[in-house]
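Just below is one structure, and these are the notes that go with it.
The values are calculated or read from the model by the stated rules, or taken from the named source; none is laboratory data. As the structure is a computational prediction, the values presented were derived from the model and not from experiment. When we count neighbours, we look across all protein chains shown, and the Cβ atoms used for this are built from the backbone with ideal geometry, even at glycine.
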Amino acid sequence: MRADLLADAIVGLDEALAAVDGFDDVLVGGLLRPQPGQADGLAALAEAVAGTPLASRVAEAAEKAAAGAAGEDHFVALAAARTALLGSVHDALSEQIEAAVERPGAGQPGPEQPDGPTPGDGGEHAVNLHAAARSWLCDLARAGWQAIDHELVAGAAPVVSAMLPDPALRRLATLLDGFAAELAASCPGATLERIPVRRWADLWSRAVLLTLPGAVSAPAVAEVSGRLLPLGVDVQEHATAVQAQVHAVFEPADGGAPRLVRASASAPKPDTVVGAGLWQLLRPHLSLLTAVSEERAMEVDSMALTAEGDLIWDDARARMGEPAEVFTTARVALPTASACPTTPLDRHPTRIAVPVLLEGYAVEKGEDDGFVAFQVAGQRLAVDSDRVPAAGPLTSEAVASSGACIGLLRWDAGEFLVQPLAVERTVRKKAVAVHAGAWAGGTSDKAGVRAEKAATDAVTVLRERAGRLLRK
């Protein structure tokens, strides 16, 4: 990888992020009675999209918002401008990464939304629910994060309850539900010592755009057959939910070009199930986890693949294949695998997660804080150790003693980071691989067995308690 190219400055990047930050600060104080400083943030957002198709609408919206007279259409325009700016940041960073990894690019975004009704439109009932959600989000923007209270936040509850039974509305309902729960846990806003400004603005702007007709449609899918070569698994954990996302190279059976794909499984969980216990919740939904832990390929037959590179996993259409060491896959198959495009609404810097193979680097270690960074071709890449799951044998110590790493290249807070999925280290003059997902499908590793047993005991106790409650 040409890591030195990651150090090149991107023209306009800082200005785009500054405009986003300025608008995000506007949402802190709210737009019911705007102050002069908020008008500056709104004007900067409008200026950042001048010369684009959004220019006139955003200019009008910024003017109305600065006067405290913004309506729903104006808030939609501001959310669209913010999303477009972060989309441009995503695209610029993605182009820089493509040049650095020297792999085929993602090409153009997926097909535009078709004309006519889409699953998100759903008739008058859905239109009314979208309008109700949009009204609540606009009330949030007028109040601002510093003025949120339980009464305001509770306005989302009836909308979410009405949306959840409809599969076409569930994506927005889930976002609103989680957003409202996070806001409720932070009420009253006036007492907050620290406000997650960027995060809440991200959630707000995305939710606003999802209330628009046609914003959500069924993804374009095609049936594919071929060989799937896992690279590693990324575990994303919340107090009440967990997701495992397997990154892999897909080699089509018809001899077509290999592609980078993902396969995911999610499950609800109690907050007491952590560590290796997470795999017990996920295994029934994704047999691919066994292939990850055993370093084997999988053969898939007529499995659905979206245009964005997500396999809609179906165990009935997959079978275990031959052994496939992940570092062999990374050295042989990864360099020729092309990425899939990102849908316009998902273009955001936080979505960047590009599989890379790093070798021949020097390791920089912190004295006491566990900090690790790689020096690759003169470029310093910090290791995002916080993303390494506790549900596996991969540790900061293993990363710090490694000579090769398969990871996800990410971007956060103005710098590129590497999230390790697997590392290769030398033990007694022999290369040994350590994987974050080594326990995903089960393990004979002593530490893994102990962790599994502890998790099993916790799950058993929870099931017994749930059974007693149901009997009562």
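Couple of notes before you dig in:
Matching residues to (1) modelled with pLDDT of 90 or more; (2) among the hydrophobic types (A, V, I, L, M, F, W, C):
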position	(1), (2)
Leu358	yes, yes
Ala398	yes, yes
Gly403	yes, no
Arg410	yes, no
Leu421	yes, yes
Val449	no, yes
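- Taking the criterion of being touching a helix residue (DSSP H, G or I) at 6+ places or on another chain (Cβ under 8 Å) and among the polar types (S, T, N, Q), the residues of region 351-396 that qualify are Gln379, Ser385, Ser396.
- One residue stands out among those in region 428-441 that are part of a loop (DSSP other than H, G, I, E, B) and within 26 Å of the chain's Cα centre (by Cα): the one that is modelled with the lowest pLDDT, which is Gly441.
- Residues satisfying the stated conditions in region 27-57, i.e. closer than 29 Å to Glu193 by Cα and without any contact (Cβ under 8 Å) to a residue 40 or more places away in the chain: Arg33, Pro34, Gln35, Pro36, Gly37, Gln38, Ala39, Asp40, Gly41, Leu42, Ala43, Ala44
- Options Gln236, Gln243: the member that is under 20 Å from the mean Cα position of the chain (by Cα), outside any loop (DSSP other than H, G, I, E, B) and within 30 Å of Ala81 (Cα to Cα): Gln236
- First in region 123-143 and closer than 23 Å to Ala66 by Cα, second anywhere and of a type in the set (D, E, K, R) and modelled with pLDDT of 95 or more, Cβ under 8 Å, 6 or more apart: Arg134/Glu72; Ser135/Glu72; Cys138/Glu72
- All of (1) in contact (Cβ under 8 Å) with a residue 60 or more places away in the chain; (2) at positive phi hold for Val20 with one exception: (2).
- Of the listed requirements (1) surrounded by fewer than 16 Cβ atoms within 10 Å (Cβ to Cβ); (2) under 30 Å from Leu357 (Cβ atoms), Ala244 misses just one: (1).
- Residues that are among the acidic types (Asp, Glu), within 21 Å of the chain's Cα centre (by Cα) and surrounded by 15 or more Cβ atoms within 10 Å (Cβ to Cβ) within region 358-410 comprise just one, Asp384.
- Among (1) in contact (Cβ under 8 Å) with a residue 60 or more places away in the chain; (2) farther than 23 Å from Pro344 by Cβ - the single one Gly68 does not satisfy: (1)
- Of the residues making up region 20-33, those that are in contact with a helix residue (DSSP H, G or I) (Cβ under 7 Å, 6 or more places away or on another chain) and more than 13 Å from Phe75 (Cβ to Cβ) are Val20, Gly22, Asp24, Asp25, Val28, Gly29.
- Going through (1) modelled with pLDDT under 95; (2) crowded, with 17+ Cβ neighbours inside 10 Å; (3) of a type in the set (A, V, I, L, M); (4) over 23 Å from the mean Cα position of the chain (by Cα) one by one, Val292 falls short only on (4).
- Count of region 64-74 residues, restricted to those that are surrounded by 24 or more Cβ atoms within 10 Å (Cβ to Cβ) and part of a helix (DSSP H, G or I), is 1.
- The condition (being buried (at least 17 other Cβ atoms within 10 Å of the Cβ) and under 30 Å from Val418 (Cβ atoms)) is satisfied by just one residue among Gln96, Gln38: Gln96.
A quick yes/no check of all residues on (1) part of a strand (DSSP E or B); (2) over 16 Å from Ser385 (Cβ atoms); (3) not assigned by TED's automatic domain parsing to the domain that holds Trp200:
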| site | (1), (2), (3) |
| --- | --- |
| Pro341 | no, yes, yes |
| Leu345 | no, yes, yes |
| Thr350 | no, yes, yes |
| Val356 | yes, yes, yes |
| Glu364 | yes, no, yes |
| Gly370 | no, no, yes |
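- Count of region 414-423 residues which are closer than 26 Å to Ser287 by Cβ and either touching a residue at least 40 places away in the same chain (Cβ under 8 Å) or surrounded by fewer than 19 Cβ atoms within 10 Å (Cβ to Cβ) (or both): 3
- Members of region 302-336 that are more than 23 Å from the chain's Cα centre (by Cα), among the charged types (D, E, K, R) and under 30 Å from Glu102 (Cα atoms): Glu322, Glu325, Arg331
- No other residue among Ala18, Ala61 is within 25 Å of the chain's Cα centre (by Cα) and part of a helix (DSSP H, G or I) apart from Ala18.
- Filtering region 214-232 to residues that are modelled with pLDDT of 85 or more and either in a loop (DSSP other than H, G, I, E, B) or in contact with a helix residue (DSSP H, G or I) (Cβ under 7 Å, 6 or more places away or on another chain) (or both) leaves Leu229, Pro230, Leu231, Gly232.
- Some residue of region 271-280 being more than 20 Å from the chain's Cα centre (by Cα), charged (D, E, K, R) and over 26 Å from Leu86 (Cβ atoms): yes
- Residue within region 89-104 that is farther than 30 Å from Ala337 by Cβ and free of Cβ contacts under 8 Å to residues at least 24 places away in the same chain present: no
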